[in-house]
Amino acid sequence: MNVPSDFASILNIMITEIGIIAGEIWQYLDKHQSATLSELVQGLKQPQHTILMSLGWLAREGHVNLSNESGDFVVQLTLRT
C-alpha cells in the first residue's frame, strides 16, 4: 500500500495524540472514579472527537466501562483483580 508520507506523518501524530489523551483520561478517572463525556471534555480541555477516539481505544483494550445515562456517556475504569 502506497501511502503519501504526509498522510503517514499525520496518522502517526494522531495515534500519538490519542494515546496521550487516553493517559489523561485514565488519570482523570483514577482521581474522580467516574465521569460523563461532558465532564471529561471540560476537565481535560481537549476536543470531544479526540476524547471519543481515546475512549474507544481504552474501551477496546478493556480499560474502561461505558454506559449511557440521561443522554450522556458515563465512563469508569474497569476493575481488575
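The values are calculated or read from the model by the stated rules, or taken from the named source; none is laboratory data. All of these numbers come straight from a predicted model, not from anything done at the bench. Here Cβ is always computed from backbone atoms with ideal geometry, including for glycine, and neighbour counts include all displayed protein chains.
Taken across region 52-74, residues that are touching a strand residue (DSSP E or B) at 6+ places or on another chain (Cβ under 8 Å) and either part of a loop (DSSP other than H, G, I, E, B) or of a type in the set (Lys, Arg) (or both) do occur, with at least one present.
Residues in region 28-39 that are part of a helix (DSSP H, G or I), more than 14 Å from HIS63 (Cβ to Cβ) and in contact with an Asp or Glu (Cβ under 9 Å, 6 or more places away or on another chain): HIS32, LEU37, SER38, GLU39.
Cβ-Cβ contacts under 9 Å between residues 6 or more apart (or on different chains), taken from a first residue in region 9-35 that is closer than 14 Å to VAL64 by Cα to a second residue that is of a type in the set (Asp, Glu) and loosely packed, with under 15 Cβ neighbours inside 10 Å, are listed as ALA22/GLU61.
Scanning region 61-75 finds no residues that are surrounded by fewer than 13 Cβ atoms within 10 Å (Cβ to Cβ) and aromatic (Phe, Trp, Tyr).
Being part of a helix (DSSP H, G or I), surrounded by 10 or more Cβ atoms within 10 Å (Cβ to Cβ) and modelled with pLDDT of 95 or more holds for only one residue in ILE13, ILE25, and it is ILE25. Pairing residues of region 59-81 that are without any contact (Cβ under 8 Å) to a residue 24 or more places away in the chain with residues that are among the charged types (D, E, K, R), at Cβ distances under 9 Å and at least 6 apart in sequence or on separate chains, gives GLY62/ARG80.
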